[in-house]
Amino acid sequence: FDLVNFFRGIALGKTRHQKDILFASPGGVPLKMEVYQPPQVGKYPAVVVIYGGAWQYGNTHANSEFNQYIANHGYTVFAIDYRHAPKYQFPSQLDDVRTGLNFIRKHAAEYEADSERMVLLGRSAGAHLAMLAAYQPDAPPIRAVVNYYGPVNLTEGYKTPPNPDPINSRAVLKAFLGGSLEELPNRYEIASPINYLTHPLPPTLLIYGSRDHLVQARFGRQMYERLHDSGNTAVFLEIPWAEHAFDAVFNGVSNQLALYYTERFLAWALLRQ
């Protein structure tokens, strides 16, 4: 924690920034991405960022301070879009993320990215999609996943919603998946990252706030334990007193802690053989 940064703000540094890069048009819906690059021309590890918003809203400009900061520290950052519920239900969002990853791999040289050193990072619903995309048996090579307060067990999340429940979690899940758990139990199972621990997975960093009333920290801890028990590498960070989306205050105490561990996890994951 840096007290000076808390008051003055965290220096973001210079980057190159490209907007409105069309990567797909499923059903006529334009999906675009933003790219943040270090100031110097080169070839850099790729960090693919997926925004949150209950699978229903959000855009690629979310958390732009983080994207700029990470790019300035030697990464090519791709902030990608996906179709939103309830008009488009699962697996549309996962399909869009996978399409985005294929586009990035195909055009990696154009954006000075190393397609063999790629990390997926998401927040909330975006973290859920990042894990699902990375954990598929036919996923492209992914070096690691960073999960900021993402849902991991949609079945259990429906059965035991938080109390208080400020966003009506069951309604959000029904809008995303097309029905209730009683109506679509298999879809809830397929959409839960915690059910994909049957094969070797990329190392995963799980970051949750202890006071999160949308996605409780107990789910992150459960995911960590399951990953560990299945022989996969995982790191679990629970930030005291932090709520959901704590990193919206980029220079805040909670985000400084998360950023510290995220930077070191990225460096470790991308440097390991």
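Tell me which residues, restricted to the range 55-69, are out of contact with any Lys or Arg (no Cβ under 7 Å at 6 or more places or on another chain) and hydroxyl-bearing (Ser, Thr, Tyr). Scanning the range 55-69 gives 57, 64, 69. Among the residues of the range 172-199, the one identified as within 23 Å of residue 217 (Cβ to Cβ) and more than 21 Å from the chain's Cα centre (by Cα) is 181.
From the list 263, 243, pick out the single residue that is part of a helix (DSSP H, G or I), open to solvent by 10 Å² or more (accessible area, probe 1.4 Å), closer than 24 Å to residue 7 by Cα and in contact (Cβ under 8 Å) with a residue 24 or more places away in the chain.
Answer to the selection: 263.
Each residue in the range 246-260 was checked for being surrounded by fewer than 16 Cβ atoms within 10 Å (Cβ to Cβ) and of a type in the set (Ser, Thr, Tyr), and 1 pass.
Could you check the range 136-156 and list, in sequence order, the residues that are over 18 Å from the mean Cα position of the chain (by Cα) and either within 24 Å of residue 57 (Cα to Cα) or not charged (D, E, K, R) (or both)?
Listed by number, the residues that qualify are 137, 155, 156.
Restricted to the range 160-177, and to residues there that are in a loop (DSSP other than H, G, I, E, B) and touching a helix residue (DSSP H, G or I) at 6+ places or on another chain (Cβ under 7 Å), the residue that is nearest to residue 86 (Cα to Cα) is 161.
Over 30 Å from residue 116 (Cα atoms) and either among the β-branched types (Val, Ile, Thr) or open to solvent by 50 Å² or more (accessible area, probe 1.4 Å) (or both), is that true of residue 215? Spelling it out, residue 215 is indeed over 30 Å from residue 116 (Cα atoms) and either among the β-branched types (Val, Ile, Thr) or open to solvent by 50 Å² or more (accessible area, probe 1.4 Å) (or both). Evaluating residue 103 against the criteria (1) closer than 21 Å to residue 206 by Cα; (2) touching a Phe, Trp or Tyr at 6+ places or on another chain (Cβ under 7 Å) leaves one unmet condition, (1).
Within the set 99, 76, the sole residue that is open to solvent by 10 Å² or more (accessible area, probe 1.4 Å) and closer than 24 Å to residue 37 by Cα turns out to be 99. The residues of the range 200-222 that are of a type in the set (A, V, I, L, M, F, W, C) and under 15 Å from the mean Cα position of the chain (by Cα), listed by number, are 205, 206, 207, 215. Taking the condition of being assigned to a helix (DSSP H, G or I) and at pLDDT below 95, how many residues in the range 206-223 meet it? Looking only at that region, the number is 0. Which one of the conditions (1) hydroxyl-bearing (Ser, Thr, Tyr); (2) more than 15 Å from residue 203 (Cα to Cα); (3) touching a Pro at 6+ places or on another chain (Cβ under 7 Å) does residue 57 fail to meet, given that it meets all the rest? Checking residue 57 against (1) hydroxyl-bearing (Ser, Thr, Tyr); (2) more than 15 Å from residue 203 (Cα to Cα); (3) touching a Pro at 6+ places or on another chain (Cβ under 7 Å), the one that fails is (3).
Here residue 54 meets the list (1) at negative phi; (2) touching a helix residue (DSSP H, G or I) at 6+ places or on another chain (Cβ under 9 Å); (3) open to solvent by 10 Å² or more (accessible area, probe 1.4 Å) almost entirely, failing just condition (1).
Can we say residue 226 is open to solvent by 60 Å² or more (accessible area, probe 1.4 Å), part of a helix (DSSP H, G or I) and in contact with a helix residue (DSSP H, G or I) (Cβ under 9 Å, 6 or more places away or on another chain)? So residue 226 passes the test.
Scanning the range 130-171 for residues that are more than 21 Å from residue 216 (Cβ to Cβ) and open to solvent by 40 Å² or more (accessible area, probe 1.4 Å) yields 137, 138, 141, 143.
Being of a type in the set (A, V, I, L, M), crowded, with 24+ Cβ neighbours inside 10 Å and part of a helix (DSSP H, G or I) is the filter here, so list the residues in the range 105-129 that pass it. Scanning the range 105-129 gives 125, 127, 129.
The values are calculated or read from the model by the stated rules, or taken from the named source; none is laboratory data. No experiment lies behind these values; they were computed from the predicted model shown. Backbone-built Cβ (ideal geometry, glycine too); neighbour counts: all protein chains shown. Side chains are part of the model used for accessible areas, which takes the heavy atoms of the whole protein and leaves out ligands, DNA and RNA. Shrake-Rupley method; radii C 1.70, N 1.55, O 1.52, S 1.80 Å.
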